[in-house]
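These notes concern the structure reproduced below.
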């Protein structure tokens, strides 16, 4: 079980590293936001599951599951709201 937990934590770190490269290399703000949000959601879930496996304590496992659930709901919604605000700022009259 320890190997699985450490693997999931390492996977989360690798995903965050790839997201950081994407944030630097992608051309525009919307692309960078997409890369960051999707990767952070997956990486945080990977970390939460990995730490839950490593800790294997009921109290920590429930806290990590609640954290993962909150992030699964809020990160995509926040990304969508920011993207809409960015598009409206670039095209205030609604035309592209």
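What to note about this one:
- Residue check, residue 37 in contact with a helix residue (DSSP H, G or I) (Cβ under 9 Å, 6 or more places away or on another chain), at pLDDT below 85, farther than 26 Å from residue 89 by Cβ and surrounded by 13 or more Cβ atoms within 10 Å (Cβ to Cβ): no
- Just one of (1) closer than 22 Å to residue 1 by Cβ; (2) touching a helix residue (DSSP H, G or I) at 6+ places or on another chain (Cβ under 6 Å); (3) at pLDDT 85 or above fails for residue 63. It is (2).
- Checklist (1) within 21 Å of residue 75 (Cβ to Cβ); (2) surrounded by 13 or more Cβ atoms within 10 Å (Cβ to Cβ) applied to residue 55, failing item: (1)
- Whichever residue in the stretch 4-29 is surrounded by 15 or more Cβ atoms within 10 Å (Cβ to Cβ) and under 22 Å from residue 84 (Cα atoms) and, among such residues, is modelled with the highest pLDDT: 19
- Residues satisfying the stated conditions in the stretch 2-28, i.e. touching a residue at least 24 places away in the same chain (Cβ under 8 Å) and in contact with a helix residue (DSSP H, G or I) (Cβ under 6 Å, 6 or more places away or on another chain): 4, 5, 8, 9, 11, 12, 15, 16, 19
The values are calculated or read from the model by the stated rules, or taken from the named source; none is laboratory data. Since the model is a prediction, treat every value here as computed from it, not as a measurement. With ideal geometry, Cβ positions are generated from the backbone for all residues, glycine too; neighbour counts draw on all protein chains shown.
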